[in-house]
Structures are given as structure tokens and as C-alpha cells.
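The values are calculated or read from the model by the stated rules, or taken from the named source; none is laboratory data. All of these numbers come straight from a predicted model, not from anything done at the bench. Here the Cβ is made from the backbone with ideal geometry for all residues, glycine too, and neighbour counts use every protein chain on show.
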Amino acid sequence: MLKILTIVGARPQFIKAAAINRAIKSQFSNSLQEYILHTGQHYDDNMSKIFFDELGIHKPNVNLNIGSKEYELQIKEMQQGIEKVIIDEKPNVVLVYGDTNSTHAGALAGSKMNLPVIHIEAGLRSFNNVMPEEKNRIVADELSSMLFCPTNTAVQNLEKEGFKHSPKQPFTKTQKAIYHCGDVMFDNSLHFEKLANQNSDILKCNNLTEGEFILATVHRGYNTDNADRLSSIFKSFISISNQHNIKIVIPLHPRTEKALNGKEHKDLFEELTANKNVLLLEPVSFLDMIALESNCRMVMTDSGGVQKESFFFRKPCVVLRTETEWVELIENGNNVLAVQSEDRIVTACNSLLSKNDFTFPSFYGDGKAAHFICEKLISNIAS
């Protein structure tokens, strides 16, 4: 039995982890055992029992409750906590997701304790080295033994950085098991879309009609912590809603809500709340978010996950950033980068609303990434 220590620290990582957890329970329970560690990097009131029930996974086996801290201190404290759990639980491998500080700390701890580190969503690059997420991705890839890439672009990024594929142990700094496995979030989207449309009542409760609203999310510090940038984004939402007489639904991240309630945005916030086509919501549940994504006309977001999920549900997306990890969606014309000014965001939105010849290639696999990953763990690590 291969014991996996799964490291998660934020709500999106639990959602990603649900795909692997589901595969283990349904197909690999005789070979794989999972122990889930929550670093407590983000405290989220929405991670209630209902959240875990929706995902079909149990609450974490342990929560380090690290909380918000400066970058280096947070990673150091998480690493120390993870190392203690490794000593107590004696896992065979450490599994990390994506690009958070928890990813970074998990990779450091696993490597220090001489355990194989498994990185899911490996090889992604924004090529913006100022972003903490970019640093976290790079560190995780360097320290991992097995790199599971969601796209061919991610595989190519690793090859350009000098990594070579080696399917068997011992793994080295440059010789690693590198796989294009597809995206576990595509697995989840296929699995949860039907459940969301059956069980979510968010459209009915908010008078929303399929295909007649835009979904928008804003949460990155790059946008929320810059008054001019945040103002441009939300003014663009008002302009778009007025120009097209279309509802814009905005589940507000706590960081964004706090910023909008600041003195510098008092007039803007009043204008938002007075606009009948702008719907500001509390943070929504996982299934409610799936329902919104799958039934909207278009998405506008600075979230890495949401811009990709828009593609899963065949929706165009305005990316409220200057760069993206999902370059294939920009190149294919499904998504458009737009930030810095209200005019640019409105122009990007108009270009996508007027376009009707979108294509949706199978960039992210066949919806069986979690099964593939579990098989490779058994064959490469357990054997």
C-alpha cells in the first residue's frame, strides 16, 4: 500500500484534490492510501462540511492553521509543520498541487525528508518572475520526482529548462518522470457539471437565465491592491452592463470586497450597487460556481482556474491580467488578455461577444487525468 501525503492550502487545491481522491476510492483503494494535510494558508468560511460533502471528500486529517504571514515566514512555518507530519505518519510520497506557498513548502519538506515529491500542474509558466506563484511553480518542479503536466505546452516548458523524462527511479535533479496527463480540473468539470445543474438553485434565486449573463471574478492582489487597476476593472463592468444591457454576476472575494469598501472606491461601490445589471454576491459554493460557469454567456476573471474552466464549459473569457499560464487558450482565440485600462477591457469583451466561431480542441486531455496519475504512481513509485 502506497501512502500519499497530499498537501493543500487553499480552496481551489481541495477541489483539484477531489479528482485524485475520487479515483483512489473508486479504483485504487487496494493500492493507494491518502492522508490530507491542510496548511491553513488560507482560512475560508466556505470550506464547511457542505463544501467537503459537495466534493465527496473528508475534511483534512490535519490542519496546521498557519494563517496569513509574510511569504518567507509562512513557507518556513508550513515546511516545519509538514516535516513533523511526515515523521509521524511515514508517508511514501508527498503530493502537491499548482503554485501556492503550500505547494512550495510541501515540495521543500518532501525533498528534505528524502521522499519522492509529486507535482500536479507541473510545467506551467507565466514568465512573470515577480509573481510569487511563478517562484512556487519553479521550486516545486525543481524538487519533484514526478511532474504531471496538464498540457503539451507545460511539457515543452520543462524540456526547455533542461528536464528530461526518465520513467524509472532513481530520479535526479534533471532526470524526472514527466507526463502529459491532462487536467484534473477537466475531470472535475465533467463530473460535477451534472450535479451542479441538478442541485444548485443559484440561477433561480438570482433571476438568471442561461446564456444571458456574464460571470466575473477578481481576487488577485495584483488587481485588488492597485486602486487604479481595480477601479478600471469595475468601471469596465459597469460600461459593459450598460452597453449590452446584460447582467454581470460578481461573486466577491473577501479581499476584493474589502478593497471596494475602502475610501478611494466609495463612489464606485455606490455606482456598482445602484446598477440593476451588476449583481454583487457573497462567495458562492463550489457547485454554485460550476452552475454559473456552465450557464453564463462569457467569463471575465483574473483567476487561473476560472479562465481554464470557462474553456471546459465552452465559454469565451476575458483574462484580467497581463499574462497567463494557459497560453494555448489565447493562441486559439478563446481567451483575450486585457488589463490596465477600462477601454482595453471593454474592447476585449466586445470582441468576444461579437465572435461566434470558437473552437475547443482537446488541450486538457480526456477527463481521465486522475486515473492516469494514480496508475503512474503505482508503477513508478510502488513497484
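Of note:
- Contact map, segment 164-191: first residue at negative phi and in the same structural domain as Ser303 (by TED's automatic domain parsing), second residue assigned to a loop (DSSP other than H, G, I, E, B) and β-branched (Val, Ile, Thr), Cβ cut-off under 6 Å, separation 6 or more or different chains; the map is empty.
- Test: residue in segment 47-55 that is closer than 27 Å to Leu190 by Cβ, surrounded by fewer than 18 Cβ atoms within 10 Å (Cβ to Cβ), among the hydroxyl-bearing types (Ser, Thr, Tyr) and at pLDDT below 95: yes
- Test: residue in segment 363-375 that is closer than 24 Å to Ser294 by Cβ and surrounded by fewer than 16 Cβ atoms within 10 Å (Cβ to Cβ): yes
- Residue match in segment 187-200 (condition: at pLDDT 95 or above and either farther than 30 Å from Glu54 by Cα or surrounded by fewer than 18 Cβ atoms within 10 Å (Cβ to Cβ) (or both)): no
- For segment 327-338, the criterion of being of a type in the set (A, V, I, L, M), part of a loop (DSSP other than H, G, I, E, B), within 25 Å of Asn356 (Cβ to Cβ) and modelled with pLDDT under 95 is satisfied by at least one residue.
- When segment 135-179 is limited to residues that are part of a loop (DSSP other than H, G, I, E, B) and aromatic (Phe, Trp, Tyr), the one that is nearest to the chain's Cα centre (by Cα) turns out to be Phe163.
- Residue within segment 130-140 that is surrounded by 22 or more Cβ atoms within 10 Å (Cβ to Cβ), closer than 19 Å to Asn92 by Cβ and at pLDDT 95 or above present: yes
- Within segment 162-175, tally of residues that are surrounded by 14 or more Cβ atoms within 10 Å (Cβ to Cβ) and at pLDDT 95 or above: 1
- Meets criteria (at negative phi, surrounded by fewer than 21 Cβ atoms within 10 Å (Cβ to Cβ) and at pLDDT below 90) for Tyr43: yes
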